[in-house]
Amino acid sequence: MQRGTNLPALGGYNRAVVLDLIRRAPDGLSRVELAGQTGLSAQTVSNVAKRLLADGVVLEAGKTSSGPGKPRTILQLEARARVAIGVHLDPGVISFVMLDLEGRVIAHSRSLTPSATSPAAAIDAIASSIEALIDETGVDREHVLGVGIAAPGPIDAARGILIDPPLLVGWELVELRDALLEATGLPVLLEKDVTAAAVAELWLRSGEQRDNFAFFYYGTGFGIGLVLGHEVVRGSSHNAGDAGHIIVDPRLGGDRCSCGRTGCVGVLIAPAQLVQEAALAGVVETAAGELDAERVLRGLEALVAAGERGNPAASELLDRTAARIADALVTVVNLLDVDRIVFGGPFWQPLGQALLRRLPEGLAGNPALVQRHEIVLAESGAERDITAVGAACLVLDNTFSPRPSALLLSR
Ligand SMILES: [Zn+2]
């Protein structure tokens, strides 16, 4: 009925196409080059460029004199003109990052996830930390594109709801996206944690490294983020990546998993579980009281340090953990034929080097491994904050990429 209603959306699309090309060209692009690469008319490119310049998102960076014709003005991204905020809600720790338009971390912060508290109080705390990040950096609030929040699954992506994350007690059917929108006044996008981690890797890597990989996500819970054929795999309900119930030790007694069985890898390699086992074996100081994220991290550091000093119980625990991770990864590699596994997440760092030394043997020597090609093992780029970075990258994606991911935005 109203022809005009489509125009803003179309303008937005062309804008995203042009901005994305400028972002990917470190030396900038001229309007003529942009028209050539986008297929848009010179007039349309000129109009889009005028808007981008007026918004301060791109700037004119000199002229090129190469080739025939008159010199062309180069357009370059003004990386600091806008920022995106990423939040990673892990059951143990909450991480916050602010990224510029090139995906560089400008600021970050971290806090322990409040336990024995209501989701509403935790969401207020998250909103306050976001405000603190904006204040501390002095960024103009108008220049904050939005907030991406990564959380444990399962999620209802369309409605922005956490359904019933097993390790976040009391967080059943929490309308996280809209509550955070309400509290901050900023557009909010919700993504599953392992997917956000994989998205961050896609942004940080280049070339073939981006094509096919599995992201071994090690938080309070464990999961696998996937990129296949250059695309993030989200699955039919946006909840791909649960691998915690792969059974790696079927004969084992002891603690049952939430699924009612024993021997699930998610339980056996959980950070707090390792610290408790190390304490029982006398490798680290007995962990009395509640094991919050900081104490778990310190416990893991102590475990690795003991292993390096040659403590046999510590080495044995690290060997066993690596073997179990390798067993689970063999299932992933067999199923998906990935040749690259990236490791990260909030609890990965203390264990990283100790496990990466042990994993190649556990993978290559695994009798269940079908494809005998090389498997590259690498650590993620942004260390502990990788998942928050990924959540912020999703906001940038939404700005740059002419894709319908905007459907996930609350407003
Ligand atoms: Zn299980």
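Each value in this text was obtained by applying a stated rule to the coordinates, not by laboratory testing. Everything numeric here is computed off the predicted structure, so don't read it as measured data. Every residue, glycine among them, receives a Cβ derived from its backbone with ideal geometry; neighbour counts consider all protein chains shown.
Of interest is the spacing of the C-alpha centroids, which for segment 237-278 and segment 34-84 amounts to 52 Å. Relative contact order of the chain, taken over Cα pairs closer than 8 Å and 6 or more residues apart, is 18 percent. Taking label points 7 Å from Cα along the Cα-to-Cβ direction, E231 and S111 give a separation of 3.9 nm. Estimated from helices alone, the mean residue ellipticity of the chain at 222 nm is -13000 deg cm²/dmol (sum of -39500 (n - 2.57) over DSSP H runs with n ≥ 4, per residue). With R₀ set to 30 Å, the beta-carbon distance separating D178 from A132 gives a calculated FRET efficiency near 0.85.
Estimated at 0.36 nm per residue, the fully extended path between D164 and K70 surpasses their Cα-Cα distance by 27.7 nm.
Note that segment 182-189 has calculated 3J(HN,Hα) couplings of 4, 6, 10, x, 9, x, 10, 10 Hz, one per residue in order, obtained from phi through the Karplus relation 6.51 cos²θ - 1.76 cosθ + 1.60 (θ = phi - 60°); glycine and proline are x. Find the all-direction average of the projected area of the Cα convex hull for segment 206-382, expressing the result in square nanometres with one decimal place. Answer in nm², one decimal: 11.0. Straight-line reach from K50: taking Cα to Cα under 19 Å and skipping same-chain neighbours fewer than 8 places apart, the lysines in range are K63. For segment 238-305, the list of trypsin sites (Lys or Arg not before Pro) that fall in a loop by DSSP and count at most 14 other C-beta atoms within 10 angstrom reads R251, R256, R261. Write down the percent of antiparallel bridges among all DSSP beta bridges whose residues are both part of the chain, to the nearest 5. Counting DSSP beta bridges with both partners in the chain, the antiparallel share is about 65 percent. Full extension of the chain between A368 and S258 yields a length gain of 37.0 nm, computed as 0.36 nm times the residue separation minus the alpha carbon distance.
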